[in-house]
Amino acid sequence: MLPQIPSPMKSPHLSGSRGVALLHDPLFNKGTAFTDAERDALGLRGLLPPRVATQDQQLERVLGNFRRKENALEKYIYLISLQERNESLFYRLVMEHLDEMMPIIYTPTVGLACQKYGHIFRRPRGLYITKNDKGRVKAILQNWPHDDVRIIVVTDGERILGLGDLGANGMGIPVGKLSLYTACSGIPPAQCLPIMLDVGTNNSSLLADPLYLGITEPRLRGPAYDELVEELVQSVQEIFPRACLQFEDFGNANAFRLLHRYRDEVCTFNDDIQGTAGVTLAGLLSAERLTGIPLKQQRILFLGAGEAGIGIGDLIVEALKLQGVPEADARRQCWFVDSKGLVVKSRTDLVEHKLRFAHDHAPLGSLLEAVHALKPTALIGVSGMPQTFTEEVVRAMAAAQARPIIFALSNPTSKAECTAEQCYTWTDGRGIFASGSPFAPVTLNGVTHVPGQGNNSYIFPGVGLGVIATEAAHVTDEMFYVAARKLADLATPEDLALGRIFPDLQRIREVSLEIATAVAEVAFRRNLTRLPRPDDLRAHLRGMMFDPKYPDYV
Ligand code: NAD
């Protein structure tokens, strides 16, 4: 028997592992770091090179191997194979070099990995549930080897990052996202479950690719699709009743519909809509400290009225309502321009999620006209259309505001509405800039400006930890509001002096713990949990966080 392991990773399914099986068990494997006593007690004698290594020495080795890989995709493949053989070492590497690792395990490299998933595939990870599995979803969930699943990330692969329909190749997204949950907020790996809901793909090049691994049929739509999702949601309640179900990278229409359908019924959220909203609201709240203009007096103009844009608008409205602003007034602070121009009441082409932000105003065809007419204090780009914040648009913002807020959030870098340098140059250094993908600092007239990165990883890991620690019945807008408030407050005066409106990403564990504590407080305050409130909530949450240092087995 493997001795007691003082870690939430402990799983009854694995507690009997020894010998070769233990070396092949990534949750428990320590590789060359198994001590002499462990080698004797666990049937490992002779199965490992004789010299016992420390985890620090192993870390040095894997970091060197990682850095020797010639391109980002090779680095991704290397990291995934490390994760598959030794999760503790993988997480120490990721956590201690987050700036270097995050762009590999998540955007942008994970996008490339998804595009080539069938070609670089080594070992399966996560669960695949297909359109042919109707009636046996519960049985598939029961095949998962861990029974205390707390966070599930599910995608149907229809809108992977900015890359569109990648079908079953989208599995890289739940896998990567869950790695960030563990790295950023310490949710133990054995409590994380990636799910690919393979309902087919309309991507013709994937359908024609002999190495594609998913169902080679067109996407399932209509009632049959809804029934499969419903079966998944209900099966999760039964098999993993303490799990939060996070929807990720679904197509626009399904994303809003499913969020609406399930948010008041089960513990669920959509990071593309709500996590993006949380980090962007945090950016606006943080920028208050630079502009001196409170959120209540902001006028926010969005370019793009999709999942990200409408999600941000909805959360701003909730934030304003919590600050005492009537809903109708709150909505009038948010304006949208989509591909057809300003979203106004007289338009007849608006889909449902845009209607609540359609105001009385003359139709305007372009973003520039809208900036001139509305004189927004903040401009938020979530259109996926590069270089749409033109020099004229940015200069018009700068003419109307002392400190214009300009967030070019479209990913990847090549899709950003403008670059950091353009923003700072065209606003004479007065712009408060944040982007979706990272931009390097810019020095202008001897002053260095550090762009903020509106990275969802600031928000979802902390929200997830707070939700699962309290076993909250629902994930509410108020939770994202307090998460945003907390994140904004954690930007230091030194950060702000550089123009950086978010805390340094290196502080992510501390940030996530603070966010989780605030989210858990909401769960207790709003009676969303039946668990008793621990006296020291923060210490309780800290105690739940996964530590990648090896425990002693003997
Ligand atoms: P989406 O497809 O749901 O929405 C895109 C919207 O842009 C649609 O309303 C579309 O009509 C509009 N649009 C397209 N072309 C336009 C044009 N020329 N002018 C004005 N509007 C136009 O996509 P989404 O999920 O909302 O994501 C949008 C962008 O935001 C993506 O590039 C994504 O990478 C980015 N994003 C960033 C973050 C982040 O930084 N944290 C998070 C989520 C999404």
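The values are calculated or read from the model by the stated rules, or taken from the named source; none is laboratory data. Only a predicted model underlies this, so the values are computations on that prediction, with no experimental measurement involved. Glycine gets a Cβ as well: all are built from the backbone with ideal geometry, and neighbour counts include every protein chain shown.
Okay, here's what the table says:
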quantity: Some residue of the stretch 317-336 being within 15 Å of the ligand (Cβ to nearest atom), on the phi > 0 side of the Ramachandran plot and surrounded by 12 or more Cβ atoms within 10 Å (Cβ to Cβ); calculated: no
quantity: Selection status of Gly278, touching a residue at least 40 places away in the same chain (Cβ under 8 Å), closer than 17 Å to Pro503 by Cα and within 13 Å of the ligand (Cβ to nearest atom); calculated: yes
quantity: Among (1) within 22 Å of the chain's Cα centre (by Cα); (2) surrounded by fewer than 24 Cβ atoms within 10 Å (Cβ to Cβ), the one test that Gly309 misses; calculated: (2)
quantity: Hits in the stretch 433-454 - residues which are buried (at least 24 other Cβ atoms within 10 Å of the Cβ), part of a loop (DSSP other than H, G, I, E, B) and within 9 Å of the ligand (Cβ to nearest atom); calculated: Gly436, Gly454
quantity: Cβ-Cβ under 6 Å pairs, at least 6 apart or on other chains, the stretch 328-354 side within 21 Å of Val393 (Cβ to Cβ), far side assigned to a strand (DSSP E or B); calculated: Cys334/Ile300; Trp335/Leu301; Phe336/Phe302; Val337/Leu303; Val343/Phe336
quantity: Single residue of the stretch 283-300 satisfying the filter (crowded, with 24+ Cβ neighbours inside 10 Å and among the hydrophobic types (A, V, I, L, M, F, W, C)) that is farthest from Val344 (Cα to Cα); calculated: Ala287
quantity: Scan of the stretch 233-254 for residues that are over 15 Å from the mean Cα position of the chain (by Cα) and over 23 Å from Thr529 (Cα atoms), ordered by number; calculated: Gly251, Asn252, Ala253, Asn254
quantity: Positions within the stretch 365-402 being away from the ligand (no atom under 16 Å from the Cβ) and within 29 Å of the chain's Cα centre (by Cα), in sequence order; calculated: Thr377
quantity: Options Leu89, Leu47, Leu82, Leu23: the member that is at pLDDT 95 or above, of a type in the set (A, V, I, L, M, F, W, C), buried (at least 18 other Cβ atoms within 10 Å of the Cβ) and farther than 30 Å from Pro438 by Cα; calculated: Leu23
quantity: Exclusive hit being more than 28 Å from the chain's Cα centre (by Cα) and in a loop (DSSP other than H, G, I, E, B), set Leu44, Leu27, Leu22; calculated: Leu44
quantity: Residue that is surrounded by 16 or more Cβ atoms within 10 Å (Cβ to Cβ) and over 17 Å from Thr268 (Cα atoms), where the choices are Leu232, Leu207; calculated: Leu207
quantity: Helices (runs of 4 or more DSSP H) wholly inside the stretch 463-552 containing at least 1 residues that are under 18 Å from the mean Cα position of the chain (by Cα) and surrounded by 15 or more Cβ atoms within 10 Å (Cβ to Cβ); calculated: 477-489, 508-525
quantity: Near pairs, Cβ below 7 angstrom, 6+ apart or cross-chain, from the stretch 396-424 (closer than 18 Å to Gln298 by Cβ) to any residue that is more than 15 Å from the ligand (Cβ to nearest atom) and among the basic types (Lys, Arg); calculated: Ala398/Arg430; Ala400/Lys375; Ala402/Arg430; Arg403/Arg430; Pro404/Arg430
quantity: Enumeration of residues in the stretch 159-182 that are among the small types (Gly, Ala, Ser) and modelled with pLDDT under 95; calculated: Gly162, Gly164
quantity: Unique residue being surrounded by fewer than 15 Cβ atoms within 10 Å (Cβ to Cβ) and not aliphatic (A, V, I, L, M) when the list is Asp133, Asp165, Asp99, Asp156; calculated: Asp99
quantity: Looking only at the stretch 356-394, and only at residues there that are in a helix (DSSP H, G or I) and touching a residue at least 60 places away in the same chain (Cβ under 8 Å), the one that is surrounded by the fewest Cβ atoms within 10 Å (Cβ to Cβ); calculated: Leu374
quantity: Hits in the stretch 213-231 - residues which are of a type in the set (Ser, Thr, Tyr) and within 26 Å of the chain's Cα centre (by Cα); calculated: Tyr225
